[in-house]
Amino acid sequence: MNKEKEILDKLNVLLSSFQIHYQNLRGFHWNIKGSHFFELHTKFEEWYNDSQIKIDLIAERMLMLGGSPLHTFEDYIKMSSVEVCNNVSNSKHCILGVLDSVNILLPQERELLQLTDEVDDEGTNALMSELVTEQEKLRWMLQSWLSA
């Protein structure tokens, strides 16, 4: 497989993983209960809005590279490395769900960062670098929240 096709395939996996991550965040936002409701309800909305932007950036990057981004939930579920979270309303379990997703997204982004560096794909490389930086910060914040 040539590197360009490999990059497009991995971008579709990342896109699918982000789509499931996004939908999980929506579910957490809608279903959160308990003493952290106000704090987390707002935070999940912030995160799913941010994820929606990232999803669009990934899909548009694929189109710029001549690829075709997946666009069905069937494909997302099949291709995603992120598991679907269903009926989660406990604050700690919600945060653990977000952390699990981030711990899956980061290696995918890092792998793409390395691959795109090898073929001088500066645009995808810059996007992955930005995603890695933001995901690392989010992981730190989630781990800090869980340690309280």
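The values are calculated or read from the model by the stated rules, or taken from the named source; none is laboratory data. Computed from a predicted model, the values in this text were never measured in an experiment. A quick note on method: Cβ atoms are made from the backbone with ideal geometry, for glycine too, and the neighbour counts reach across all protein chains shown. Please note that ligands, DNA and RNA were not included when accessible areas were found on the heavy atoms of the full protein model with its side chains. Shrake-Rupley method; radii C 1.70, N 1.55, O 1.52, S 1.80 Å.
Things worth noting here:
- Counting only helices (runs of 4 or more DSSP H) that sit wholly inside segment 1-80, those with at least 3 residues that are in contact (Cβ under 8 Å) with a residue 24 or more places away in the chain and aromatic (Phe, Trp, Tyr) are 3-31, 37-64.
- Hey, SER101 among the hydroxyl-bearing types (Ser, Thr, Tyr), at pLDDT 95 or above and either within 12 Å of the chain's Cα centre (by Cα) or buried (at least 16 other Cβ atoms within 10 Å of the Cβ) (or both) or not: yes
- Taking the conditions (1) more than 20 Å from ASP50 (Cβ to Cβ); (2) surrounded by fewer than 16 Cβ atoms within 10 Å (Cβ to Cβ) in turn, LEU115 satisfies each one other than (2).
- Close pairs from segment 125-148: first within 29 Å of GLU60 (Cα to Cα) and modelled with pLDDT of 95 or more, partner part of a helix (DSSP H, G or I) and acidic (Asp, Glu), Cβ under 6 Å, at least 6 apart: ASN125/ASP117; MET128/GLU109; LEU131/GLU109; VAL132/GLU109
- Taking (1) within 18 Å of the chain's Cα centre (by Cα); (2) buried (at least 18 other Cβ atoms within 10 Å of the Cβ) in turn, LYS137 satisfies each apart from (2).
- Where a residue in segment 82-99 is assigned to a loop (DSSP other than H, G, I, E, B) and its partner, wherever it lies, is modelled with pLDDT of 95 or more and hydroxyl-bearing (Ser, Thr, Tyr), with Cβ under 9 Å and at least six apart: VAL82/SER16; VAL82/SER17; VAL82/SER101; GLU83/SER101; CYS85/SER101
- Checklist (1) more than 20 Å from GLU130 (Cβ to Cβ); (2) open to solvent by 30 Å² or more (accessible area, probe 1.4 Å); (3) touching a Leu at 6+ places or on another chain (Cβ under 8 Å) applied to SER91, failing item: (2)
- Residue, farthest from GLN135 (Cα to Cα), within segment 1-58, restricted to residues that are crowded, with 16+ Cβ neighbours inside 10 Å and among the β-branched types (Val, Ile, Thr): ILE32
- If you go through segment 61-77 and pick out every residue that is open to solvent by 80 Å² or more (accessible area, probe 1.4 Å) and within 19 Å of the chain's Cα centre (by Cα), you end up with 6.
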